[in-house]
Amino acid sequence: MSEAITIKGLRVAYESDIEILRGVDMLGGANTLTAIIGPNGAGKSTLLKGVAGVAPVTGGEIHLGGQRIEALNAAQRVGAGVSFVPQEASVFGQMTVLENLRLGGWHRRKDKAWLERRIAFCGDLFHSIKPHLERRAGDLSGGQQKLVEIARGLVGEPRLLLLDEPTAGLSPVMVREVYREIARLKESRSVTVLLVEQNVREALAVADHVYVLAMGQNDTDGPAAEIAGRLDGIVRNWMSREGSGMAS
Amino acid sequence: MINNIGKISRRALLASMTAAGLLLAGSGSAYAAEDITLGLVSPLSEPGDARSGDAIKKTADLWVKLINGAGGIGGRQVKLAVFDDQGKVEVGASAMERAITEANASAILGIWSSSVALAQMEVAKGYNVPLMAFYSWSDDITAKNYPQVFRIGPYNSQIAAQMVPFVKDRGYKKVVVLAEDTAYGLGFAKAFEEAVKAAPDVTVEVVQFQAQTQDLTAVMSKVAASKPDAVIVQTVFSATNLSIKQGREVGLKADIITGWDWPLLPDFWSTVGEAGVGVVYPTFSDPSLNITATGKTFVDAYKAAYGHEPAIFQYYLWDNFNAVKAAIEKSGSSEPAKLVETLPGVTFEGTIGPVFFRNEAGTVNFHQWDKFAMFFKKLNKVGDGEKEAELVQVAK
Amino acid sequence: MTQLFVQSLLLGLLQGGLYALLAVGLSLVFGILRVVNFAHGEFAMLGSFAAVFVVDMLGLPVWTGLIAAAVAGAAIAYATNILVLRPIYLSRMRQKGEYTIIATFLLSQFLIAAATLSFGTTYRKLPGLWDQNLAIFDYIYLSGNRIVAFVAAIAMIALLFFIVYRTDIGRAWRALTQNPLGAAVVGIDVNRYANLAFLASGAFAGLAAALLAPLMFVFPASGVIALVKAFIVVIIGGLGSIRGTLFAGLLLGVVEVMCTVYIDTGYTDAYGFALMIAVLLFRPQGLFGRTGRAV
């Protein structure tokens, strides 16, 4: 079902050619959950955006299974099986939750039976939004909107799921809901996940493998347990780098 | 007031110093054989009255061609320096300035909209360069008595006064003057309100509108609802056509008298259609007009060049050019200041009779030629032109 | 007095329907691409010339002129998107919005000049589908063409409503309008739907101009006025809101006519600006716009 993601020397630069990512390598095994951690401005979100095709990639390669995807536009990458849940609000506020979910299956919208099944399934994932499927998404709380976005990101049965700080700003109850779902996705071994997370302990607890980024480049990586073991040293290293002026 | 005079004369001083400097700088070159440059400052693009601007340009080009073909003026070739005023006051004034300072024009011709002309007059005065008006109707143009400003053509109060007997004779009791909000439209409205006091049983209502509008439906609804006997439409051709078309659409039953002979322009019938039937227009042009030899030369050449007859305002423009020519010949110089001195005294054969300026200081008849009769003509069927139109009245 | 009131109200509504049709494409394109298209009026102007060409020069029936206007408007809008705007909004430069304004403004000037050169400054008239001045009960006076234009305008806006709220194209447009990032992550191809929006925008502008032409005239600078009216409408209605555009168009039509008739005939165009300024002061997002759009 899902594929491995291989990233080689990825570079991303926004306007005026200031590079945020300066050559990042990464390997996310098929059906594994890879957490990406690092200090502010390390380029974690930019990495996911580069992979999703919503940030301008200026160099490097992205392989999803056997397919090169770095030259595809965002819509084509969705078609290739990439689903990105950005940190920024991405919900369609004037539409109902159901309409939002429906758009999550945009690239296979002609397959009506499949789409209805997926909408029903994903609408059922989170208790916090289940009673509100007919409400306008913009009227829900920020946390509920985030859950809508995650559910919407799963409707299309992605092969690669990119989650950018899915629990930022959520209440503890919702954080538990999100991690329950992430754990379930991992258990089902049906999708490759790249997870960017500020909450390092939560991330390490759920991840198979962990990459540490700093200043737009690879810092270190290893199996989650191993990284957990030397986390104090890694974080101390961040502290010394923070305030180095690298903008996020 | 005193302040004002001080300002203007200081500017004039500055300008004449500049002019003197330029003259000195230019005197080294072969003066006698130098071309004469005439400035043509006209509305050549929207929002200006570009249709009239086009007619002006055609007339000017033709005049220059004929004069140069006949050896120029005193052996000197004439060239035009053309500037677009876009029908805008500020653009017109700066175009004047450029025609004078960059092109070194001996005189400025082709000016059109009264509002623009009034601003251009200040520039002409500042630099002491003759400004020739022909179809800018604001009284103020000559009433201000600027030594540099001349007009061979009609003015509002004269036309308004000539309209009053027509309104009386036709038995109109309630007249609406539909005026565009420019010096031209409002100037006429004011002059007509003044002149109509001579006919106490005629009531007049002035309805003004924005000159650049593209929709007069609302205005015409209001006019129609007041059920006048006649509507005098005082605006340029596009709004004239629009007011007729949309006036009839919203049920206006009154006689429509256009401010001038716009219905003779080629797109009248194609834009107005049936609604144009019954429209009365005043004009200075009529087959009964005595066209001089000069006039015949102009009309024939114009028809040959452009395939249709010139409108009457183009006759006056032709006379404007000939006035400048006469002044250059009389003074033996194309220097603007010399022309300003010489022009008031020139006489020459115009297109429809001898031309000379009335020079009654303190009145509108200063540097003003006014020997024209006014004809009122009616269009009785679709497609009627000057020849088919019915002459309903003559005012002399 | 009442006759004038009823007549004015009706004229205002009829006029307003056309304002809405003119503006709806501008609003649609802004919503989707955040592009303020200064050449929108020229799409309309070229549409009306296309209609004149087909009807007057080729002698085809009047209704073909409406189709020609829509097709011409759509074609020029599509070309504008591909050739002028896409290179800007796909680039990585800063201040794309400002560049699109400058580019479309220059394009508008260019199109006016090109039309003037090609067609001359002559004013032209386009025959309408119902070229008759009606005197309804000798109480309401208006041209049959005005009724045709209004009915067509409302039908077209209804069609647009249908597209926007009932079809996948409309779903994509709404998604792009409400959240461009969200639209990108669910896989909506912004290029494709921007093209479709421009096609619709140009078609509606061209059609509006061809419906207006029998009531007014066709000439190269006519788009400038159309653009000003369209801007006022979208600002009053709220940029990106189709419902708002319809309402604001009707409101502008009625306010212009009513104020012209009952306040002063000398400021017809100024009433629209006054209304717009009032909206900007008291409800800057427009009557139907939303504040705090999430980015």
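Scan the stretch C:240-253 and give yes if some residue there is under 27 Å from residue B:205 (Cβ atoms) and either more than 8 Å from every other protein chain (Cβ to nearest Cβ) or in contact with a strand residue (DSSP E or B) (Cβ under 9 Å, 6 or more places away or on another chain) (or both), otherwise no. Yes, some residue in the stretch C:240-253 is under 27 Å from residue B:205 (Cβ atoms) and either more than 8 Å from every other protein chain (Cβ to nearest Cβ) or in contact with a strand residue (DSSP E or B) (Cβ under 9 Å, 6 or more places away or on another chain) (or both). Looking at this structure, is residue C:238 in contact with a helix residue (DSSP H, G or I) (Cβ under 8 Å, 6 or more places away or on another chain) and at pLDDT 95 or above? Considered against the rule, which asks whether it is in contact with a helix residue (DSSP H, G or I) (Cβ under 8 Å, 6 or more places away or on another chain) and at pLDDT 95 or above, residue C:238 comes out as no.
For the stretch A:49-65, filtering for residues that are within 15 Å of residue A:29 (Cβ to Cβ) and not aliphatic (A, V, I, L, M) leaves 2.
If the condition is being modelled with pLDDT under 90 and either of a type in the set (S, T, N, Q) or not in a helix (DSSP H, G or I) (or both), then the stretch C:79-103 contributes C:90, C:91, C:92, C:93, C:94, C:95.
Taking (1) in contact with a helix residue (DSSP H, G or I) (Cβ under 6 Å, 6 or more places away or on another chain); (2) under 15 Å from residue A:102 (Cβ atoms); (3) among the aromatic types (Phe, Trp, Tyr) in turn, residue C:165 satisfies each apart from (1).
Report, by residue number, each residue of the stretch B:247-282 that is among the basic types (Lys, Arg) and within 17 Å of residue C:146 (Cβ to Cβ).
B:248
Of the residues making up the stretch A:127-142, just one is out of contact with any Phe, Trp or Tyr (no Cβ under 7 Å at 6 or more places or on another chain) and buried (at least 21 other Cβ atoms within 10 Å of the Cβ), namely A:129. Restricting attention to the stretch B:207-252, the residues being free of Cβ contacts under 8 Å to residues at least 40 places away in the same chain, among the polar types (S, T, N, Q) and more than 8 Å from chain C (Cβ to nearest Cβ) number 1.
Within the stretch C:124-140, the only residue that satisfies the criterion of being facing chain B (nearest Cβ under 9 Å), crowded, with 18+ Cβ neighbours inside 10 Å and in a loop (DSSP other than H, G, I, E, B) is C:125.
May I ask you to say which residue of B:251, B:276, B:259, B:295 is crowded, with 17+ Cβ neighbours inside 10 Å and modelled with pLDDT under 90?
One residue alone meets the criteria, B:259.
Of the residues C:199, C:181, C:215, C:159, the single one that is within 30 Å of residue C:64 (Cβ to Cβ), out of contact with any Leu (no Cβ under 8 Å at 6 or more places or on another chain) and at the interface with another protein chain (Cβ under 8 Å from one of its Cβ atoms) is C:215. Residues of the stretch B:321-356 that are among the acidic types (Asp, Glu) and over 22 Å from the mean Cα position of the chain (by Cα): B:329, B:335, B:341. Here the condition is being aliphatic (A, V, I, L, M), crowded, with 18+ Cβ neighbours inside 10 Å and under 10 Å from residue B:39 (Cα atoms); of B:95, B:119, it holds for B:95 alone.
Residue A:202 meets each of the listed conditions (1) modelled with pLDDT of 90 or more; (2) touching a helix residue (DSSP H, G or I) at 6+ places or on another chain (Cβ under 7 Å); (3) surrounded by 15 or more Cβ atoms within 10 Å (Cβ to Cβ) apart from (1). Is it the case, given these coordinates, that residue C:143 is touching a Pro at 6+ places or on another chain (Cβ under 8 Å) and more than 10 Å from chain A (Cβ to nearest Cβ)? Against the criterion (touching a Pro at 6+ places or on another chain (Cβ under 8 Å) and more than 10 Å from chain A (Cβ to nearest Cβ)), residue C:143 qualifies. Counting only strands (runs of 3 or more DSSP E) that fall entirely inside the stretch A:180-224 and contain at least 1 residues that are farther than 15 Å from residue A:47 by Cβ, the qualifying elements are A:217-223. Set side by side, the residues A:93, A:50 differ, and just one is more than 10 Å from chain C (Cβ to nearest Cβ) and surrounded by 18 or more Cβ atoms within 10 Å (Cβ to Cβ), which is A:50. Take the conditions (1) within 17 Å of residue A:62 (Cβ to Cβ); (2) out of contact with any Gly (no Cβ under 6 Å at 6 or more places or on another chain); (3) at pLDDT 90 or above; residue A:35 misses just one of them, which is (1). When the criteria are applied in full, residue B:186 fails the requirement of being buried (at least 24 other Cβ atoms within 10 Å of the Cβ) and assigned by TED's automatic domain parsing to the domain that holds residue B:231. Which residue is nearest to residue C:241 (Cα to Cα), if the candidates are limited to the stretch C:162-178 and must be among the small types (Gly, Ala, Ser) and at the interface with another protein chain (Cβ under 10 Å from one of its Cβ atoms)? Checked the stretch C:162-178; the qualifying residue nearest to residue C:241 (Cα to Cα) is C:175.
The values are calculated or read from the model by the stated rules, or taken from the named source; none is laboratory data. This is a predicted model, so every value here is computed, not measured. Heads up, the Cβs are rebuilt from the backbone with ideal geometry, glycines too, and the neighbour counts pull from every protein chain shown.
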